[in-house]
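One structure below.
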Amino acid sequence: MQRFDVAIIGGGLAGVVALAYARRAGLEAIVLERHGRVGGLWRDLPAWQDIQISAADWTLGDLPLHGATQPHILANIEAWVERFGLTDGIRLDTPVQLAREDDSGWELSTPNGAVHARHLVSATGAHNSPLIPTVSRMASSAASTVREFHSSALRDPSALTGRSVLVVGGGASAFDLLELCFQNGARRVTWAYRGLRWFMPTRKPKHIAGSVRGFARLQASGMAAEQQSAAIDADLRSRYEKFGLAEIMPAHAFDVRRDQLIPGRSGMLENYAGIERHRASVEAIDGGTVTLSDGHRVEADLLLWGTGYGIDLSYFASPLIASIRTLDALAARCGCIFRSLDAANLYFLGVGLDGIGSAPWSYSLLCRSIMSHINGTARLDNEALGHRLNHFDVVDYLAPRDPASYPPDAWRAQYQDMALSTPDEQPYPIP
């Protein structure tokens with residue numbers, strides 16, 4: 001029976017990156033992917049979905065990215081497979097039905113037989129289960145005529161043309177859906193939200209406004225997190241005032257350790273005055289009418305759920321792990337960002353990263369240190385962090401714990417120069 005050094009669940013970006021770094025570390029590794037092709041969540045998303053950062057921030061080294069939407073991201077993930085010759089290490093159409101610890105590591109049950117490994121990397125994502133709130137649907141009335149779509153399931157945005165649309169949510173997904181409404185000529189747009197995330201009001205296109213190079217320079221200049229938060233908070237507040245958005249300004253101060261830095265949507269800003277806004281949640285759907293928690297009744301043709309994602313870890317045999325549903329709950333159960341506190345030799349990619357920065361960059365740094373730990377050249381602790389790490393903060397956090405990947409006499413100058421000197425349009429090198 002073959003026992004791999006590392007089994008990786010999920011063939012999305014995180015899983016493919018993990019496989020590349022496992023092989024670089026000389027480890028026998030296998031990726032188990034439920035789909036017939038790599039891509040993970042990006043394989044399921046509609047073609048209009050795009051990234052929240054600039055293309056240069058997403059790209060690493062010579063791995064091409066020719067645009068910011070779903071087809072381009074899929075092609076970029078496939079470029080990782082080709083660039084590092086990973087095809088033979090990926091088992092497609094192989095969903096993991098059960099992951100349980102055994103005497104020497106992990107046993108993974110799949111329809112194609114059991115897989116055994118000393119270490120297990122869960123790369124199924126921090127956003128792998130679309131969330132739609134439970135609402136009342138009046139059984140005594142006519143069937144609902146409101147068509148409902150989660151942001152991950154709206155395949156054809158032209159369905160919005162000429163329609164009355166209700167968008168629900170207060171974060172990046174809802175902002176994207178509002179933008180889609182105006183791009184596709186919705187007749188009426190209503191927006192309902194319980195709470196609001198910070199975003200950066202701007203007239204610039206999203207692929208420019210989403211650049212995190214300026215933030216990297218703040219980090220490299222030696223600013224503490226509190227100073228970064230204060231500088232960004234002041235900038236955002238002035239922008240909200242400038243664009244007349246004080247009514248939707250979040251109640252809490254911006255905190256880089258808690259908040260994302262979401263780029264603005266120019267179409268949303270241009271049409272803001274025409275959006276009917278309600279600080280409310282959806283309570284009931286009856287025929288073509290949606291009742292909100294503030295008592296308003298909205299006549300709608302479509303209801304778009306921009307309510308985000310949860311985590312589905314139901315494939316774990318451990319009830320404690322399988323019951324985790326949110327990113328914050330998972331982060332609280334991980335030491336050193338990604339090392340499970342509830343099982344040995346188990347690592348969760350994506351924990352603590354839903355903030356400011358580039359997913360490929362962060363995954364690369366994390367995977368390099370995971371493999372260093374497996375090879376005995378890193379000293380990863382079991383202490384939960386308690387907040388998110390952003391961009392070059394990942395370097396500062398991992399460097400003292402992984403001297404094999406970060407030479408003590410050279411790493412700080414190297415990464416500071418990278419943050420300060422790399423042109424905005426030039427990708428960072430592959431770590």
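Look at the stretch 202-229: where a residue is touching a residue at least 24 places away in the same chain (Cβ under 8 Å) and open to solvent by less than 80 Å² (accessible area, probe 1.4 Å) and a partner is assigned to a helix (DSSP H, G or I) and basic (Lys, Arg), sitting 6+ places away or on another chain with Cβ atoms under 9 Å, you get 202/239. Among the residues making up the stretch 282-317, those that are surrounded by fewer than 17 Cβ atoms within 10 Å (Cβ to Cβ), among the hydroxyl-bearing types (Ser, Thr, Tyr) and either in contact with a Ser or Thr (Cβ under 6 Å, 6 or more places away or on another chain) or under 24 Å from residue 327 (Cβ atoms) (or both) are 293, 314. Applying the condition of being of a type in the set (Asp, Glu) and in a loop (DSSP other than H, G, I, E, B) to the stretch 398-431 and asking which residue is least open to solvent (accessible area, probe 1.4 Å) yields 402.
Quick grid of which residues meet (1) among the charged types (D, E, K, R); (2) modelled with pLDDT of 95 or more; (3) farther than 24 Å from residue 211 by Cβ; (4) within 20 Å of the chain's Cα centre (by Cα):
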residue: 1; (1), (2), (3), (4): no, no, yes, no
residue: 6; (1), (2), (3), (4): no, yes, yes, no
residue: 26; (1), (2), (3), (4): no, yes, yes, no
residue: 38; (1), (2), (3), (4): no, yes, yes, yes
residue: 43; (1), (2), (3), (4): yes, no, yes, yes
residue: 48; (1), (2), (3), (4): no, yes, no, yes
residue: 60; (1), (2), (3), (4): no, yes, no, yes
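Among the residues of the stretch 1-22, is any open to solvent by 40 Å² or more (accessible area, probe 1.4 Å), in contact with a Gly (Cβ under 9 Å, 6 or more places away or on another chain) and over 30 Å from residue 200 (Cα atoms)? Scanning the stretch 1-22, I find at least one residue that is open to solvent by 40 Å² or more (accessible area, probe 1.4 Å), in contact with a Gly (Cβ under 9 Å, 6 or more places away or on another chain) and over 30 Å from residue 200 (Cα atoms), so the answer is yes. Looking only at the stretch 70-105, residues that are open to solvent by less than 30 Å² (accessible area, probe 1.4 Å) and closer than 14 Å to residue 38 by Cα come to 12 in all. Among all residues of the stretch 106-129, there is none that is over 30 Å from residue 91 (Cα atoms), touching a strand residue (DSSP E or B) at 6+ places or on another chain (Cβ under 8 Å) and open to solvent by 10 Å² or more (accessible area, probe 1.4 Å). Filter the stretch 160-179 down to the residues that are over 20 Å from the mean Cα position of the chain (by Cα) and open to solvent by 10 Å² or more (accessible area, probe 1.4 Å) and list them by number. Hits for the stretch 160-179 are 161, 162, 163. Inside the stretch 180-201, residues that are of a type in the set (Phe, Trp, Tyr) and open to solvent by 40 Å² or more (accessible area, probe 1.4 Å) make up a count of 1. If you check residue 144 against the conditions, is it open to solvent by 20 Å² or more (accessible area, probe 1.4 Å), farther than 27 Å from residue 363 by Cβ and part of a helix (DSSP H, G or I)? The answer is no for residue 144.
Considering only residues in the stretch 272-281 that are buried (at least 16 other Cβ atoms within 10 Å of the Cβ) and hydrophobic (A, V, I, L, M, F, W, C), the one that is nearest to residue 165 (Cα to Cα) turns out to be 275.
I'd like to know if the stretch 357-370 contains one or more residues that are open to solvent by 10 Å² or more (accessible area, probe 1.4 Å), at pLDDT 90 or above and over 17 Å from the mean Cα position of the chain (by Cα). Yes; the residues of the stretch 357-370 include at least one that is open to solvent by 10 Å² or more (accessible area, probe 1.4 Å), at pLDDT 90 or above and over 17 Å from the mean Cα position of the chain (by Cα). Condition check for residue 244 on (1) on the phi > 0 side of the Ramachandran plot; (2) part of a helix (DSSP H, G or I): one failure, at (2). As for the stretch 122-139, it holds at least one residue that is in a loop (DSSP other than H, G, I, E, B) and without any contact (Cβ under 8 Å) to a residue 60 or more places away in the chain.
The values are calculated or read from the model by the stated rules, or taken from the named source; none is laboratory data. Everything numeric here is computed off the predicted structure, so don't read it as measured data. For neighbour counting, all protein chains shown are included, and Cβ atoms are generated from backbone atoms with ideal geometry for every residue, glycine included. Side chains are part of the model used for accessible areas, which takes the heavy atoms of the whole protein and leaves out ligands, DNA and RNA. Shrake-Rupley method; radii C 1.70, N 1.55, O 1.52, S 1.80 Å.
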